[in-house]
Amino acid sequence: MSLKNIFTPDEDYVRQQADDATTEEVDKVIKKEGKIGFIMSSIKVLKKYYHLFDVMMMMIKDYRKGIYTAVPWFTIAAIASALLYVLSPIDLIPDFIPGLGYLDDVTVLTIVTGWIDSDLHRYLDWKLDHDHTTPEEIKKLEKSQ
C-alpha cells in the first residue's frame, strides 16, 4: 500500500465533513476569503481550482445573503468544508511535505467539485442572467468557464 492511499481522504471522509458543516463555518470561509484565495492562487497544484474558488465564494455569499437559495444546503456545506480543509494547517498530509503536502487538499477539492458540478453550472447560468452581477463578478465568471 502506498503513502498516497494511506493519507489521501476518501469520499466517505469528505462527505462526513460536509454533513457536519454549520452556518458558522460558512461564515468563517467568507471571513477568510482573502487568505484562502491567496493559498489557492499561490500553490501550484491548487491553481487549477482558483477560478472555481471565485465562483464558489460568490455562490456561498449570495446564499448567505438570501439572494440565491436555489441550491441544497449540502452544496454550500461541501464548499465550506473543502475550503476550510485547504485553509487548515492540520491535514492528513502536512502541507509542508514537498510533493505530497497538498495531495489531500487537491483530493478534497476534486471530490467536492465532482459532487456539486451541476449546482455550480446552474449558479453560473443564474448569475450571468442576474441584473445585479457586477463587472468584476462577470470577469471572474468568464474566467471560470
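The values are calculated or read from the model by the stated rules, or taken from the named source; none is laboratory data. Treat the numbers as computed from the prediction; the structure is a model and nothing was measured. Here Cβ is always computed from backbone atoms with ideal geometry, including for glycine, and neighbour counts include all displayed protein chains.
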| task | Might you let me know whether the stretch 40-48 holds any residue that is of a type outside the set (A, V, I, L, M), part of a helix (DSSP H, G or I) and under 10 Å from the mean Cα position of the chain (by Cα)? | result | no
If you go through Gly99, Gly114, the only one that is at pLDDT 90 or above and among the small types (Gly, Ala, Ser) is Gly114
Just one listed residue, out of Thr107, Thr75, is at pLDDT below 90 and under 29 Å from Asp125 (Cβ atoms), and it is Thr107
Taking first residues from the stretch 122-145 that are under 9 Å from Val55 (Cβ atoms) and second residues anywhere that are modelled with pLDDT of 75 or more and assigned to a loop (DSSP other than H, G, I, E, B), the pairs with Cβ under 9 Å that are 6 or more apart or on different chains are Tyr123/Tyr68; Tyr123/Ala70; Tyr123/Val71; Lys127/Tyr68
If you go through Ile90, Ile67, the only one that is in a loop (DSSP other than H, G, I, E, B) and within 24 Å of Thr133 (Cβ to Cβ) is Ile67
Checked Leu46, Leu52 against criteria (under 17 Å from Pro89 (Cα atoms) and in contact (Cβ under 8 Å) with a residue 40 or more places away in the chain); the one match is Leu46
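If you go through the stretch 123-145, how many residues are under 15 Å from Met56 (Cβ atoms), surrounded by fewer than 13 Cβ atoms within 10 Å (Cβ to Cβ) and at pLDDT 75 or above?
Residues in the stretch 123-145 being under 15 Å from Met56 (Cβ atoms), surrounded by fewer than 13 Cβ atoms within 10 Å (Cβ to Cβ) and at pLDDT 75 or above: 0 in total.
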